[in-house]
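Here's the structure we're looking at; comments come further down.
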Amino acid sequence: MVFNTGAALLDAIVLSVVAQDKEGTYGYKITQEVRQVIEVSESTLYPVLRRLQKDECLEAYDVECAGRNRRYYKVTEKGRVQLALYKSEWKKYSAKISGVFEGGIIYE
């Protein structure tokens with residue numbers, strides 16, 4: 001992709017991916033799903049997961065899988081509120097950008 005992805009957009013994408021599974025999902029699966037949308041490395045995503053956890057938007061828990069622990073992440077209520085804000089802001093932002101690209105500039 002030609003466009004840089006800022007921290008807020010990356011946070012929004014990660015929260016959205018994790019929120020799709022009510023019971024939470026594990027790091028590698030999150031990485032694979034995010035990579036279907038944007039180009040990003042695992043070394044970029046794990047700090048995002050830790051930051052969202054520190055900000056109380058995600059909670060983490062471990063589940064044993066094939067003799068090893070697998071870390072799962074689940075969206076908290078605070079994370080759901082943040083995700084709703086991101087979605088609302090994205091709608092406004094993307095409408096403005098689309099307006100510029102399509103020749104009908106939208107100012108608000």
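Quick note: the coordinates plus some simple rules give every number you see, no bench work behind them. Please read these numbers as outputs of a predicted model, since none were measured by experiment. Neighbour counts run over all protein chains shown; Cβ positions are idealised from the backbone, glycine included.
Data overview
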{"read-out": "Residue list for segment 53-85, restricted to those being under 12 Å from Leu15 (Cβ atoms) and either of a type in the set (S, T, N, Q) or touching an Asp or Glu at 6+ places or on another chain (Cβ under 6 Å) (or both)", "value": "Gln53, Lys74, Thr76, Lys78, Gln82"}
{"read-out": "Filtered residue count, segment 39-53, keeping only those that are under 18 Å from Ala19 (Cβ atoms) and either among the polar types (S, T, N, Q) or out of contact with any helix residue (DSSP H, G or I) (no Cβ under 7 Å at 6 or more places or on another chain) (or both)", "value": "3"}
{"read-out": "Criterion: aromatic (Phe, Trp, Tyr), surrounded by 12 or more Cβ atoms within 10 Å (Cβ to Cβ) and free of Cβ contacts under 8 Å to residues at least 40 places away in the same chain - qualifying residue of Tyr46, Tyr26", "value": "Tyr46"}
{"read-out": "Scope segment 54-108; condition surrounded by 12 or more Cβ atoms within 10 Å (Cβ to Cβ), under 18 Å from Thr25 (Cβ atoms) and of a type in the set (A, V, I, L, M); matching residues", "value": "Leu58, Ala60, Val63, Val75, Leu83"}
{"read-out": "Selection count, segment 57-81, where residues are out of contact with any helix residue (DSSP H, G or I) (no Cβ under 8 Å at 6 or more places or on another chain) and small (Gly, Ala, Ser)", "value": "2"}
{"read-out": "Selected residue [part of a helix (DSSP H, G or I) and not polar (S, T, N, Q)] from Gly103, Gly79", "value": "Gly79"}
